[in-house]
Amino acid sequence: MEGPLGLDDLLKFMTKKGASDLHLKPMRPPLLRIGGKLMPIKSIPLKPQNIEEMVLPLLTEAQRHKFEEKQSVDLGYGVAGVARFRCNIYQQRGSIAAVFRRVPFEIKDYQELNLPDVVATFADYPAGLVLVTGPTGSGKSTTLAAIIQDIIRNRPCHVVTIEDPIEFLFTDHMATVSQREVGTDTPSFKEALRNTMRQDPDVIMVGEMRDLETMSTVVTAAETGHLVFSTLHTNSASQTIDRIIDSFPPDQQEQIRAQLAQVLRAIISMELLPRRDGQGLVPAVEVLVNSPKIARHIEHGEIKEIHDEIEDSVAYYRMQSTNQSLVALLANNAISYEVAMERSRDPADLSLKLRKLFPGIEEAQQEGKMAPSPGDFAYIMELMEVKKLYDEQEDRWKQRMQEKDELIAQLERDLAALRQQMSSSDVTIAELRNQLEATRAESQRTAEEAKIRTEKLNERIRELNQQLMASGKGGGEKPTTGFFKR
């Protein structure tokens, strides 16, 4: 580029180059941040007048008044068919400068952003507070937009966003969305939050918790049954909790710890790292989920114990620390060893994790390291030691498999014996049933024979009685004793 371009042309060029930010500063060519690095474009240096002509027409009357009062103002700006941009215009050394952050029209999903699977579950919370934290340019707004978009597509609810300025534009789907911009639609975050309670919201997204009043109102909103999302400029989950608690006066800190232990649902702490292949950036993500142990640590002010609890809760709650995320990125060859060690806040701990989980991964990841000498016997010994460990592990595995096979064989024998017993029991039951039927038949036959004999005996008795009565009528006397006395 040979001469200064207009603002829209610079923004289009920035988008074409895939830059995340455009810096306009007097006496320097425009600067683009590409892949995390700030680089000047081929153009003549900008004069203060050039920058004023570019950015001052973007300001409304209210924004111009705010800029004159505070020497800094945030606003949103869109270029049709290109992208939206979040802009900060500020004053330095008596002249105007500006930074434009590109906000794509298209909102990416979790998979496209390379976020851990557990992040998708945060959109399902019925209420509570979810925070997305990290330094400037770490992907907080993009991650938050992915979660809000997920809610809009899958939950029939009312979503209210309060931003300064509005970045991503959401459209109604299953949910209805109200987006309010500080300075345009509402005078302040605090006022917007207070009014939002009367707008029947289910989900509230606050662009940033900048001050004590906003933090207090956000916690209260989460306490009253709303799902609240917001961002904070902190580098880790434990630092985030510390920042919130320390923002309150000492006499209120015990109360805010108790409130935070109840309403906090999750914290995502992010940082973008350059990919090993040079194709863009990839996030290192720390995830905290407010488990019962985490809640107790927060309530009792045991913030230092939170980091260890995060690393111990990977399997059940899917939490992970930043170093654990870096180990995963290294294991998947997404970043270089140098980048991991440079960005880690505890390189010694990261090195220890790598040696424990992946022996030799540090040597394999280091670029430019000399290969071992063919005559270096020490390296042969290292390989033999590794092979020995592998063989021992394989022997233990074979032994366990043999024990399991023997156990399976014993269980099969026990099952066969049980089936044999069941078969014998079936035969015995059949025999007993036959004997029962025979006994019933015999009992019935005996009863019928007894009935017949009884009837015959009664018939004989009647005959004898008749004979006796007949002989008495013939002049004889009735017997006075004996069986036939009447």
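The values are calculated or read from the model by the stated rules, or taken from the named source; none is laboratory data. Owing to the predicted nature of the structure, the values given are computational and were not obtained by experimental measurement. Virtual Cβ from ideal backbone geometry, glycine too; neighbours counted across all protein chains shown.
On the given criteria, is THR184 outside any strand (DSSP E or B) and crowded, with 21+ Cβ neighbours inside 10 Å? Against the criterion (outside any strand (DSSP E or B) and crowded, with 21+ Cβ neighbours inside 10 Å), THR184 does not qualify.
Listed conditions (1) out of contact with any strand residue (DSSP E or B) (no Cβ under 9 Å at 6 or more places or on another chain); (2) surrounded by 18 or more Cβ atoms within 10 Å (Cβ to Cβ) are all met by LEU273, apart from (1).
Given the condition outside the structural domain of ALA83 (by TED's automatic domain parsing), hydroxyl-bearing (Ser, Thr, Tyr) and under 27 Å from the mean Cα position of the chain (by Cα), answer yes or no: does some residue in the range 153-161 qualify? Checking the range 153-161: at least one residue is outside the structural domain of ALA83 (by TED's automatic domain parsing), hydroxyl-bearing (Ser, Thr, Tyr) and under 27 Å from the mean Cα position of the chain (by Cα).
Exactly one residue out of GLU208, GLU223 is under 16 Å from ASP74 (Cα atoms), touching a residue at least 40 places away in the same chain (Cβ under 8 Å) and outside the structural domain of GLY76 (by TED's automatic domain parsing), and it is GLU208.
When you scan the range 311-331, do you find a residue that is closer than 30 Å to ALA192 by Cα, surrounded by fewer than 21 Cβ atoms within 10 Å (Cβ to Cβ) and assigned by TED's automatic domain parsing to the domain that holds TYR125, even just one? No, the range 311-331 contains no residue that is closer than 30 Å to ALA192 by Cα, surrounded by fewer than 21 Cβ atoms within 10 Å (Cβ to Cβ) and assigned by TED's automatic domain parsing to the domain that holds TYR125. Within the range 92-107, none of the residues are charged (D, E, K, R), in contact (Cβ under 8 Å) with a residue 40 or more places away in the chain, surrounded by 12 or more Cβ atoms within 10 Å (Cβ to Cβ) and not in a strand (DSSP E or B). Here ARG296, ARG318 are screened, and the one residue that is basic (Lys, Arg) and touching a residue at least 60 places away in the same chain (Cβ under 8 Å) is ARG318.
Let's see how each residue does on (1) at pLDDT below 95; (2) part of a helix (DSSP H, G or I); (3) of a type in the set (A, V, I, L, M); (4) at negative phi:
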| position | (1), (2), (3), (4) |
| --- | --- |
| ASP200 | yes, no, no, no |
| THR214 | yes, yes, no, yes |
| THR220 | yes, yes, no, yes |
| PHE229 | no, no, no, yes |
| LEU260 | no, yes, yes, yes |
| ARG265 | no, no, no, yes |
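Given LEU32, LEU56, which one is modelled with pLDDT of 90 or more, within 22 Å of SER95 (Cβ to Cβ) and outside any helix (DSSP H, G or I)? None of the other options fit; the residue is LEU32.
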